[in-house]
Every structure is written in structure tokens, then in C-alpha cells.
Amino acid sequence: MNIRYVIAGLVIIVVAGGGMYFMKSRQKPLAAVSEQIKDNKTKGSETARITIIEYSDFQCPACQQSQAPLNELLARYPAQIRLIYRHFPLPMHMWAPMAHQAAECAAGQGKFWEFHDRLYKEQLAWSGPSSPLETFLRYAGEAGLNLDEFGRCLADDQVRQRILAEKKEGDKLQIQSTPTFFVNGERMVGAVELQMRADAFIRKVLGFPPAPPPPVFAPSLPPPAPAEAPAA
Amino acid sequence: MKLSREDFWGLAFRFFLGGIFVLAGFSKLMEPVENFRGAIADYQLLPYALVPWVAQVFPWLELFFGFFMLAGYLPRLTGAVLASFSSIFILFLTASDKLLSGAGQNCGCFGQNGFIRLTVWQVALLDLAILAAGIYLARRKSFPFSLDAWLRKS
């Protein structure tokens, strides 16, 4: 290879890299994730030093898988973590809008987390081709919600708009993959990233001694929970 | 200059491959790096310590080799490199359970936030097409309208 080839290659790299750098520098800076509490989709102490914001979709299998490492963190640092949930229904999931609206309606009656846990636990049961409306009404009944109010809320466009507003906030943060977590503002995308990075990050913020190094490969996440047979 | 049928296909495959890789690199680089990092980590096939490095470096490689192919710079070598990238993607898809379990999921190939969202099945087909085009270009002798042809002449 002669010198002309080397120069030509370098010119392409400099032009392409410089162009990319220019485009990146003109990009609007990402908004910082807001930790403002707007509703009761939060748990943990208000004075906690760690705030985890979870953007997720109830019908997304990866979000379901991320619940195990997330719950482990909450159990390991019970007084130090505050968890805030934000809706991020993905367009590819047919029943996600209804699931999110149902969860928001449960939040209106103070039962968001019960509903949230049930939606993930039984994700396979309600994610099939037929409408999960009856299943959600059953969950609401079993959670002790006022069913008249819940039914009205499911049809309420203002609730739908609130969910869409949360999704828009996520869009501004360039989230389109779920689950995406912000741990004190540090972005962690997916269940594996949460499992591998969050603990060390939290320990560092809290000033705890570092944990033993993580395994070379991420340990397998638990498979999706088997579907519970629908009630007859 | 009249193009033979082989030259026409050589040119078409060059633009196809170059365009795909420039777009893939560009869309990843315009997003927060954590998005691609999460997508790679989810495959659970690389040692985790490599994931941040791959997430930082790979989009640049896609961008540069994509431009090399568009310009026709070392097209045989570039074709072989892009075909090998594609083989790695196919290996990732088949070794992970994504083909079986994630038919509806975004592969993350054009960034997570990209305007092109392909399912893993669609991207597996695209990777096979890229592999075939890359092998075809790596075996070709002449590349009309390429930087390589110009450098050889001058």
C-alpha cells in the first residue's frame, strides 16, 4: 500500500469523524431527568440519598425481568433508595396503553404498587391476543379498588393524557428502549445494566466499601414468570 | 462510460452496504452511548468488562467503514470487514435467545431511538443480505466510480 492510500484513508476518517463531531456538537443537550414527584407512583423514603427513576412498559418482557434485580436493590438498601415509576408504553405492545391506564387508575386509589407488581408477575397471562380488560377488572377487584371509579377512570382521556405526558418526557431524554433507569441521574438501559452497574454505583454514592468485582458474564436473569391460569 | 451488469451490481452493493453502515453508526452516535451499551449487554454474550468499550468504539467503526465503502476505498478489504461484522451480528442473534423470544423487539442495530426500528427477524434477514453483498464485493476485481480505481490510475 502506498502513501496515497494512507492519506486517502485518513482524509475519509477526518472528514467523517469531523462531520459527526460537528453534528453532535449542534445537538441540543439532553434535559436532566426530573426527580419531581407528581403523584403516588413512588416508594421509599423522601430523604433517601438514592433516587431511581424507572421508565418502563408493563407489556415489555425485559421490564418484567428487571423487576428481580430492582427488588434486590430495594431490599439491600431499604432506607437509602426512593423509587419513582414513569410510564413508557411502547407502540409495539398492543395492550400496553390499557395496562398503563389501569395502573394509573390504581394509583388514583392509592394501589399503584400492588397493581404494578401484579401486572409484571402475570404479564404472560394478559399479554395474549384477546383484550385483558376483564383481567384488569379482576385485579382491581382483588386489590380492593372501587370498581365504578376504576371503570370510569379507564375511559378517562385526561388519565391517558397524563400517561402520554410522561412518555413525552422520556422521549425528550432519548429513551425508546425499556426499561431505562436513572440512578441519581446515571442512565442504565436494560435489566443487565441495572444488575451489573447499579449496586457498585449506589455503594459509591453512599460511601460504602466497594462490592466484590462482578462476574465476567452477567448472570442469567430469571425467566419470565409462568402465566397464571385465568379465573374461570 | 458504459457499465457492465457486474459493474452495476458492484456499485449497487457498495452503496447498499455503505449506506446501511453509515446510517447504523450515525444513529447510534447521535444517542446517549448508554442506549447501545444496554442493547449489547442484553445479549449477554460478551464479557461484561468489554461492553462499555464495544459500545464506544463499534459505532465509529461502522461509520468509518461505511464511508470507506461509499467512497470505494479499499473496497475488497472493506467488503470483507463489513461481511465479518455481519457474521458477528448473525452469531449474536443466533447465540442469544432473541430470535426465538424477541420477534417483536427492536434489535438496537440502528440505535434505540432510531427512525429505523427493525425486529430481530428483519435484522437477521438484513444481515444475511449484507453478508452476501460483502462477500460478493470482497471477491470482485474491478470497482468503477471508486476512490480505489482513481488511486490506481493516478
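In the range A:1-115, which helices (runs of 4 or more DSSP H) lie fully inside it and hold 2 or more residues that are in contact with a Ser or Thr (Cβ under 8 Å, 6 or more places away or on another chain)? Can you show your working first?
Working: elements: A:3-26, A:61-76, A:96-108.
Answer list for the range A:1-115: A:61-76.
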**OP:** May I ask you to verify whether A:Ala62 is in contact (Cβ under 8 Å) with a residue 40 or more places away in the chain, within 14 Å of another protein chain (Cβ to nearest Cβ) and surrounded by fewer than 21 Cβ atoms within 10 Å (Cβ to Cβ)?
**Re:** no
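Let's see how each residue does on (1) within 18 Å of the chain's Cα centre (by Cα); (2) within 10 Å of another protein chain (Cβ to nearest Cβ); (3) outside any loop (DSSP other than H, G, I, E, B):
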| residue | (1), (2), (3) |
| --- | --- |
| A:Gln176 | yes, yes, no |
| A:Arg187 | yes, yes, yes |
| A:Pro209 | no, no, no |
| A:Pro212 | no, no, no |
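When you go through A:Ala165, A:Ala211 one by one, which is the residue that is more than 27 Å from A:Ala102 (Cβ to Cβ) and not β-branched (Val, Ile, Thr)? Give the steps one after another, and end with the answer.
Working: A:Ala165 fails: more than 27 Å from A:Ala102 (Cβ to Cβ).
Sole residue among the options that is more than 27 Å from A:Ala102 (Cβ to Cβ) and not β-branched (Val, Ile, Thr): A:Ala211.
Which is more than 18 Å from A:Glu104 (Cβ to Cβ), more than 14 Å from chain B (Cβ to nearest Cβ) and part of a helix (DSSP H, G or I), of A:Glu149, A:Glu134?
Residue meeting the stated conditions: A:Glu134.
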Of the residues that make up the range A:149-158, is at least one surrounded by 21 or more Cβ atoms within 10 Å (Cβ to Cβ), of a type in the set (Phe, Trp, Tyr) and under 20 Å from A:Gln64 (Cα atoms)? no
Restricting the range A:189-207 to residues that are touching a residue at least 24 places away in the same chain (Cβ under 8 Å) and within 14 Å of another protein chain (Cβ to nearest Cβ), the one farthest from the chain's Cα centre (by Cα) turns out to be A:Asp199
Picking from B:Leu63, B:Leu74, B:Leu46, the residue that is at positive phi, buried (at least 16 other Cβ atoms within 10 Å of the Cβ) and at the interface with chain A (Cβ under 9 Å from one of its Cβ atoms) would be B:Leu74
For the range A:115-128, pairs from a residue that is more than 14 Å from A:Pro61 (Cβ to Cβ) to a residue that is among the small types (Gly, Ala, Ser) and in a helix (DSSP H, G or I), with Cβ under 6 Å and 6 or more apart or across chains, are A:Phe115/A:Ala103; A:Phe115/A:Ala106; A:His116/A:Ala103
Residues of the range B:21-43 being closer than 29 Å to B:Ser146 by Cα and either at pLDDT below 95 or surrounded by 23 or more Cβ atoms within 10 Å (Cβ to Cβ) (or both), in sequence order, are B:Phe21, B:Leu23, B:Ala24, B:Gly25, B:Phe26, B:Ser27, B:Lys28, B:Leu29, B:Met30
A careful count of residues in the range B:7-41 that are away from every other protein chain (no Cβ under 12 Å) and either in contact (Cβ under 8 Å) with a residue 60 or more places away in the chain or touching an Asp or Glu at 6+ places or on another chain (Cβ under 7 Å) (or both) gives 11
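Conditions (1) among the basic types (Lys, Arg); (2) crowded, with 21+ Cβ neighbours inside 10 Å; (3) within 16 Å of the chain's Cα centre (by Cα), marked per residue:
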{"residue": "A:Ala79", "(1), (2), (3)": "no, no, no"}
{"residue": "A:Pro91", "(1), (2), (3)": "no, no, yes"}
{"residue": "A:Trp95", "(1), (2), (3)": "no, yes, no"}
{"residue": "A:Phe115", "(1), (2), (3)": "no, yes, yes"}
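The values are calculated or read from the model by the stated rules, or taken from the named source; none is laboratory data. Nothing here was measured: the structure is a model prediction, and the numbers come from that model. Positions of Cβ are generated from backbone atoms using ideal geometry, with glycine treated the same way; all protein chains shown enter the neighbour counts.
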